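Working notes for the structure below.
The values are calculated or read from the model by the stated rules, or taken from the named source; none is laboratory data. All figures in this text were calculated on a predicted structure; none of them were measured in a lab. Glycine gets a Cβ as well: all are built from the backbone with ideal geometry, and neighbour counts include every protein chain shown. Surface areas here come from the heavy atoms of the whole protein model, side chains and all, with no ligands, DNA or RNA. Shrake-Rupley method; radii C 1.70, N 1.55, O 1.52, S 1.80 Å.
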Amino acid sequence: MLALSGCGAGGNAAEDELTVLVEGGGLAELQPIADLYKEETGTTVTLVELPYDGLYDRIQTELGSGTVSFDVAALDAIWLSAFADGVSPLDDLFTDDVQADLFPGLVSEAQVGGEFVGMPIFTNSEILYYRTDLFEDPQNQADFEAEYGYPLAPPANWEQYRDAAEFFTRDTDGDGQIDLYGTDVKGAVETEWLATVSQTGEEHMVLDPESGEVTINDAEHLEALDYYTSLLPYAPAGSAQLDWAGAQNLFYQGQLAMMRFWGHAYTQTPADSPVAGEIGAAPMIAGAGGIAGVPGAWYLSVPAVGTKQDLAKDFVAFAYEHNELSIDTSLGLVARISAFESQAGVAGRENYPAILETLNAPATSARPATPHWQEIVDTVLTPMLQKAVEPGADNAALLKEAEAQIEAILY
């Protein structure tokens, strides 16, 4: 792969231009790489930014028509299965050395039908955020240990997380109203619950794409849903409608002591937030199966009907080789293990070790490789969670209903 990278695709790179379709995050992450590629090869890389849904629709339409206006596309991980038949295999780029420098979940996720269909450009995972001013307060430390029998520290497992969530849910100004909650519970997004499923030790969240078996109605999924909803007493009302943006806003306003959230948020705290400068980062919490998150990766893929196959693959290889250039961007996310490790001890990158440990954890697994995944999320998983966080929900019945709905989609 390194022999390809920067070679100018046979010496004609100066005469060529590549068009790469990206979403907003991809634009930020790839711009410095595109600039260096131009400098080293003479090839102009034009990054065409589209909104998330618009990017999906354009790729779907053009691949379906057999004629494309782009040479490379940045694909969300959950799109890989849907577009696998329309992109070129990248097996020759995934050498042993390349695979060794990628998280196991990314290597498996990049493969559909036994072929590598995308090269990761950056990845993410939920990690634990906590208020250092609360956790390091001597009175809180003394009171917590007296009540729970062990020292107050960033929680590492389910029990510790629930204890800390309970402890910090309180009325802080004496008006009789709770104004600080230990955590949030997100009902309007599915990924955090999926991470909880993997934390049980479940190897196939929701379904097994190899056998086609729908697993959502097993004991591990119920255990995860029961734990997820057990946190409701320590979370603000309105969980059924709480999504990523809402949870982030609650934390930045100082209403939460802890939050499980995507790793990139560490550097995005508003300067006027009451918790600015008082946020710590730790790996995602562990269940019986250990620490687990859900990789949130984006991949570069090359359309099979593209007319610049060699040059496009050369840019993909170059992007992997120079992945560290994405560190100093708005998201600050990379894909290679070595790029994450290069920031050890660097001020402002305290979230990197937490992301690294979470993504390297054996229980961390990618979402199932099925072209129906987005439909399953939109029509089954999110509605199920919204019902589960309502009072009186029957979690076992909800999972049984979800099983039937997913089977109807798949079969």
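For the reader, a short list of remarks on this structure follows.
- Here ASP310 fits the description: acidic (Asp, Glu), at pLDDT 95 or above, surrounded by fewer than 21 Cβ atoms within 10 Å (Cβ to Cβ) and not in a loop (DSSP other than H, G, I, E, B).
- Extreme residue, surrounded by the most Cβ atoms within 10 Å (Cβ to Cβ), among residues of the stretch 83-121 that are small (Gly, Ala, Ser) and modelled with pLDDT of 95 or more: GLY118
- With respect to the conditions (1) over 15 Å from the mean Cα position of the chain (by Cα); (2) open to solvent by less than 10 Å² (accessible area, probe 1.4 Å), TYR352 falls short on a single one, namely (1).
- Condition met for ALA339 (over 29 Å from ILE216 (Cβ atoms), without any contact (Cβ under 8 Å) to a residue 60 or more places away in the chain, of a type in the set (Gly, Ala, Ser) and surrounded by fewer than 16 Cβ atoms within 10 Å (Cβ to Cβ)): no
- Test: LEU128 is open to solvent by less than 10 Å² (accessible area, probe 1.4 Å), under 20 Å from ALA74 (Cα atoms) and in contact (Cβ under 8 Å) with a residue 60 or more places away in the chain: no
Table: residues versus (1) crowded, with 16+ Cβ neighbours inside 10 Å; (2) under 20 Å from THR229 (Cα atoms); (3) free of Cβ contacts under 8 Å to residues at least 60 places away in the same chain; (4) more than 25 Å from the chain's Cα centre (by Cα).
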position: ARG367; (1), (2), (3), (4): yes, no, no, no
position: THR370; (1), (2), (3), (4): yes, no, no, no
position: VAL377; (1), (2), (3), (4): yes, yes, no, no
position: THR382; (1), (2), (3), (4): yes, yes, no, no
position: GLY392; (1), (2), (3), (4): no, yes, yes, yes
position: ALA396; (1), (2), (3), (4): no, yes, no, yes
position: LEU399; (1), (2), (3), (4): yes, yes, no, no
position: ALA402; (1), (2), (3), (4): yes, yes, no, no
position: GLU407; (1), (2), (3), (4): no, no, no, yes
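- In summary, ALA235 fulfils each of the numbered conditions (1) farther than 22 Å from MET384 by Cβ; (2) buried (at least 21 other Cβ atoms within 10 Å of the Cβ) with the single exception of condition (1).
- Cβ pairs under 8 Å, 6+ apart, first in the stretch 137-153 and over 15 Å from GLY182 (Cβ atoms), second among the charged types (D, E, K, R) and loosely packed, with under 14 Cβ neighbours inside 10 Å: PRO151/GLU145
- Considered as a group, the residues in the stretch 34-77 that are under 26 Å from the mean Cα position of the chain (by Cα), more than 12 Å from LEU21 (Cβ to Cβ) and buried (at least 22 other Cβ atoms within 10 Å of the Cβ) include one that is modelled with the lowest pLDDT, and that residue is ALA77.
- Residue list for the stretch 101-120, filter: without any contact (Cβ under 8 Å) to a residue 60 or more places away in the chain and small (Gly, Ala, Ser): GLY113, GLY114
- Identity of the residue in the stretch 243-295, surrounded by fewer than 21 Cβ atoms within 10 Å (Cβ to Cβ) and among the hydroxyl-bearing types (Ser, Thr, Tyr), that ends up farthest from the chain's Cα centre (by Cα): SER273
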